[in-house]
1. If I model a spin label at residue 67 and residue 10 as a point 7 Å from the Cα along the Cα→Cβ vector, what separation in nanometres do I get?
2. What is the extension gain from residue 183 to residue 114, computed as 0.36 nm multiplied by their sequence separation minus the C-alpha to C-alpha distance, in nm to one decimal?
3. Near residue 100, which aspartates and glutamates are there with a Cα under 19 Å away, not counting those fewer than 8 places off in the same chain?
4. Can you give the convex hull volume of the alpha carbon atoms of the chain per residue, in Å³?
5. Classify the stretch 86-231 from the C-alpha gyration tensor, please: rounded if a/c falls under 1.5, else prolate or oblate depending on whether a/b exceeds b/c.
6. Please compute the net charge surrounding residue 19, taking Lys and Arg as +1 and Asp and Glu as -1 over other residues with Cβ under 15 Å from its Cβ.
7. Within 10 Å, count the other beta carbons around each residue, average over each peptide in 162-174, 64-76, and list them highest first.
8. Give me the percent relative contact order of the chain, please, defined on Cα pairs under 8 angstrom at least 6 residues apart.
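What follows is calculated from the coordinates using simple rules that are stated; it is not laboratory data. Given the structure is predicted, the values throughout are model-derived calculations rather than measurements. Backbone-built Cβ (ideal geometry, glycine too); neighbour counts: all protein chains shown.
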Amino acid sequence: MHEYGRIMPAVKAANPRAVFAADDWRAIATLSRWRGIWLVLHAWMVVALAAFGGAAAWDYHWLTGLLATPLVLAILGGRQLGLSILMHDGAHGLLHPNRKTNNWLGQWPTGAATGSDLFAYRAYHLTHHKFTQQPEDPDLSLSAPFPTSRDSLRRKFIRDLTGQTFYKQRRAQFALALRGASNTAHTVGRFLVLQAILLTISLLVWGWVPFVLWLAALATSFQLFLRIRNIAEHACTPTGSGDPFTHARTTYAGLIARFTVAPYWVNYHSEHHLFMGVPCYHLAATHRLLGTGGYHPKMTLSPNYRDVLTQAVN
């Protein structure tokens, strides 16, 4: 795509050596051999506790089950988003220093959980980094519609929470697979295999309810949290200038946000775009170092996700 007949240039990246002391950069850019694995295990432990806790609430009494379900779906949707975030780190080669281990972690226990393919996502996502908010950016459609009307945003949220977004996306994905698109067929296959594993565990341990809760979250709260996360990252920012500090937004996240829309430090998105070789577990430290260096005034920072959504409506 072009603007005024010209191919848009790739956006500039920040030079870490011009921003950080050598020891500081080494500390935040070094990959751990265990932290990525631990985060994947952590996500699945939270999923298990939420799903089986929700089942216990239903077993105790239908009213306790009914009252607990919104909380359970929120926790499950947040961890499903967390698995997507960890798959994203795998796409950058940041889950583990061993490439084969990194790719397996990004393909099976994280990517397959929500129906994503690590390698297809990697090609797509690195193009997003290269042309952030330029016409060539494949993610431009996620931020370009904003700001929008309050009614439009409400309709989007309703589609997410009623499963319409999930159904539309899965229908398109499964249709491609049935038409013989091999990459998509493999992605759908991994998704179905992992769902079968989860269903088997659910039936062996507690019956249908934990798996039903998992699927319900995947179709509802996960879609909503994913949308809010996408809005927060680039919508209504001054992205597009030659200054790499304007390419994304960082949003401060409290405890509830970290359990839902901002798992595993994904809220530090400006830092990620500035230095995409930094693993998610070092992004908070990166943010602190940038503050110490006096770079925060150059960045797009929001105090919370409510503020982001306020900016996203006309």
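1. Those two pseudo-labels are separated by 5.6 nm.
2. Length gained between residue 183 and residue 114: 23.3 nm.
3. 89, 117
4. Per residue, the Cα convex hull of the chain comes to 148 Å³.
5. In terms of gyration-tensor shape, oblate.
6. Around residue 19, the charge tally is +1.
7. 64-76, 162-174
8. For the chain, the relative contact order is 25 percent.
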